[in-house]
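Student: Submitted below is the structure of interest, expressed as structure tokens.
The values are calculated or read from the model by the stated rules, or taken from the named source; none is laboratory data. Since we're looking at a predicted model, the values are computed, not measured. Here Cβ is always computed from backbone atoms with ideal geometry, including for glycine, and neighbour counts include all displayed protein chains.
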Amino acid sequence: MSQKDTESCLSKRDERLGLMIWYRLSRVYNQSLKETHEHLKKWNLSVSQFDILAQVGANNRLTQQQLADKLFVTKGNITQLLGKLEELDFVKREQEWKTKYVSLTEKGRALFSDVVPMQEHFQASQFNALNRDEKRQLLDLLKKIQN
């Protein structure tokens, strides 16, 4: 076998391995999302609503644009999600000149204090099969491919 054939064969194997990693990451992500959705049902929250609650609560007050940027969604999507959370009296929106701000209501802060620590613990527990060194290694590898 020539060097070119060997390199091509290795390249195909590397490509296949990369594809298998992608499939596995997708499955892990989808399973985690499904389990997260089930876990958040205790508080009648969707994953998106939880994300807003967590971001606004952690920052006390954000503009709608800052919130959209943090959640990687459009400002239009944020507006729709905020409407529901506002109806439930978890968030309030205030406008100062041209800028719209979002903050938690008292009821929202109480929910934040209840749900966020429980959800963080739940998410972290999904990696209990790994020891500390494996967790660090996985985090480092994921950082490496993200850039």
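Student: Quick check: is even one residue across segment 16-29 surrounded by 12 or more Cβ atoms within 10 Å (Cβ to Cβ), on the phi < 0 side of the Ramachandran plot and touching a helix residue (DSSP H, G or I) at 6+ places or on another chain (Cβ under 8 Å)?
Tutor: No, the conditions are met nowhere in segment 16-29.
Student: So if I check each of LYS100, LYS4, LYS84, LYS42, which one is modelled with pLDDT under 95, surrounded by 14 or more Cβ atoms within 10 Å (Cβ to Cβ) and in a helix (DSSP H, G or I)?
Tutor: LYS84
Student: Enumerate the pairs (first residue in segment 128-147 and more than 15 Å from LEU25 (Cβ to Cβ); second residue anywhere and part of a loop (DSSP other than H, G, I, E, B)) with beta-carbon separation below 7 Å, excluding pairs fewer than 6 apart on the same chain, so at least 6 apart or on different chains.
Tutor: Filtered contacts from segment 128-147: LYS135/PHE127.
Student: Could I ask something else about it? For segment 40-67, give me each residue that is among the aliphatic types (A, V, I, L, M) and either under 18 Å from GLU106 (Cα atoms) or in contact (Cβ under 8 Å) with a residue 60 or more places away in the chain (or both).
Tutor: LEU40, LEU45, ILE52, LEU53, ALA54, VAL56, ALA58, LEU62
Student: Taking the options GLY57, GLY108, GLY76, name whichever one is exposed (fewer than 12 other Cβ atoms within 10 Å of the Cβ) and either part of a helix (DSSP H, G or I) or charged (D, E, K, R) (or both).
Tutor: The conditions single out GLY76.
Student: Hey, ASP133 hits all of (1) surrounded by 10 or more Cβ atoms within 10 Å (Cβ to Cβ); (2) under 30 Å from TRP22 (Cβ atoms); (3) over 15 Å from the mean Cα position of the chain (by Cα) but one; which does it fall short on?
Tutor: (1)
Student: Given (1) part of a helix (DSSP H, G or I); (2) of a type outside the set (Gly, Ala, Ser); (3) within 23 Å of GLN119 (Cα to Cα); (4) modelled with pLDDT under 90, identify the lone condition not met by THR36.
Tutor: Result: THR36 fails condition (4) only.
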